[in-house]
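First up is the structure itself, then whatever we jot down about it.
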Amino acid sequence: MSRKRNAETDHFDLLPFVAILMSTLGCLLFITLSIASLNLTVPTVRLAPTGESKTPLLIDWRKGVSTVSHNNVRTVIPWNDAQWSELDNITVSNAGKVELPSKLNAALNNISSDPQHNYALFAVHPSGFAAFSAMHAICQQRNIDVGYYPVGEKDKVKLEEASIKGTK
């Protein structure tokens with residue numbers, strides 16, 4: 001005698017499998033978006049411990065405008081084309097003769113007044129590479145320690161709060 005098969009006992013329920021699959025995909029999507037958001041944040045200049053406790057004066061160096069950041073105060077310094085092109089011909093021997101914008105000159109004078117505790121840290125953008133060598137020569141002429149960090153043209157730069165305090 002043949003038995004009739006019951007239709008309710010023959011099917012296989014996929015709902016638990018689909019729920020596990022959707023949970024896994026959701027976790028992978030969350031991880032991917034988290035990593036992508038980390039890559040989109042503002043680049044940060046990171047200072048390596050030097051063994052000395054010096055405070056950096058960050059100079060965001062690009063053609064047309066420079067930004068000086070010191071003690072949480074940002075000063076924007078516009079450059080005209082004549083001033084910028086003058087920097088192309090500077091060497092260490094004639095660096096003392098160049099006329100800098102007054103705000104930048106004041107910032108460099110602030111560093112040179114206490115070189116044991118301050119130094120200039122340049123975030124150099126591609127448009128500012130040629131003129132950076134002139135600024136380096138000007139800083140050498142004034143006995144200012146200089147550090148630099150190459151960054152992309154459209155990148156914004158800031159110092160981490162912990163690195164501003166220095167290390168001992």
Segment ASN109-SER127, extension gain: residue separation times 0.36 nm, minus the distance between their alpha carbons
4.0 nm
Neighbour-count ranking for MET135, MET22 (other C-beta within 10 angstrom, fewest to most) reads MET22, MET135
Between ILE77 and residues 5 or more places away or on another chain, which pairs have amide H atoms under 5 Å apart, with H built 1.01 Å from N, and which residues are they?
SER66, THR67, VAL68
Could you pull out every residue, at least 5 positions away or on a different chain, whose amide H is within less than 5 Å of the one on LEU57? Hs are placed 1.01 Å off N in the peptide plane, and Pro or chain starts have none.
TYR119, ALA120, LEU121
Distance check, please: which entries in LYS63/LYS103; LYS63/LYS156; LYS103/LYS154 exceed 19 angstrom between their Cα atoms?
LYS103/LYS154
Label point 7 Å out from THR55 along Cα-to-Cβ: which residues of the stretch 128-147 have amide N under 20 Å?
143-147
Among LYS54, LYS158, which comes first, then next, by fewest other beta-carbon atoms within 10 Å?
LYS158, LYS54
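Since every read-out is calculated from the coordinates, none of them should be taken as a lab result. This is a predicted model, so every value here is computed, not measured. Please note: Cβ atoms are built from the backbone with ideal geometry, for glycine as well, and neighbour counts cover all protein chains shown.
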